[in-house]
Amino acid sequence: MSDLDRYLIPTEVLEVVVRRHWASQVRHALIFTGLVFLSLFVLAYLPTGSAASLGGGLLLLGSAGWFSWMVLDWRVERFIITDKRVLLITGLLTKRVAIMPLSKVTDLTFERSVPGRILGYGVFVMESAGQQQALSRIDYLPTPDELYQQVSALLFGPRTRLPGPSDRLAQARTGRLPLPEQSTTPLPRIR
């Protein structure tokens, strides 16, 4: 059993499984880089053995631990779309699963900023029947054009319906069903 199977209903069809784009970690990487430079400055320019140099070492270790945690959290996060619902699974120690049924999505907005177009990520904004949802905005989605097409097809694509007379005629024309026997009796004329 895969890790995702515990969150899916047996009758669901898995359509999309992605993690956020790596660009979502740029802010964390910049903060980590700043903390590393700060701690190296403290270690290099303050006297060895002082409380400040000990603080610099602790800052370096703490920032490395924090950045590792952020990257691991990003690695386990999944954005999942099935034929029935949308899920966002997050958390390392405490798993959080945000769910929105596809039938409740009334509007889907797709945004791509200039950095998003350059790096290849986008944002989905999903609205549902006037309610505030946990999945209202999903940032940093990779291959957003393809995801948008897939989600749009699921949300607004053709619905399953019972075949009618026009469907049977179309199927007969494509060769899937034989045409009904034609009567040799002429139709009455209307005058």
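Numbers for the structure displayed
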item	result
Considering residues of the stretch 69-103 that are surrounded by 15 or more Cβ atoms within 10 Å (Cβ to Cβ), free of Cβ contacts under 8 Å to residues at least 60 places away in the same chain and of a type outside the set (A, V, I, L, M, F, W, C) only, the residue farthest from G157 (Cα to Cα)	D73
Tally, over the stretch 29-54, of residues that are modelled with pLDDT of 85 or more and small (G, A, S)	3
Members of the stretch 119-130 that are surrounded by 11 or more Cβ atoms within 10 Å (Cβ to Cβ), touching a helix residue (DSSP H, G or I) at 6+ places or on another chain (Cβ under 7 Å) and not in a strand (DSSP E or B)	L119
Single match in S103, S113 (criterion: farther than 17 Å from R20 by Cα and among the small types (G, A, S))	S103
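The values are calculated or read from the model by the stated rules, or taken from the named source; none is laboratory data. Quick caveat, the model's predicted, so the values are computed rather than measured. Virtual Cβ from ideal backbone geometry, glycine too; neighbours counted across all protein chains shown.
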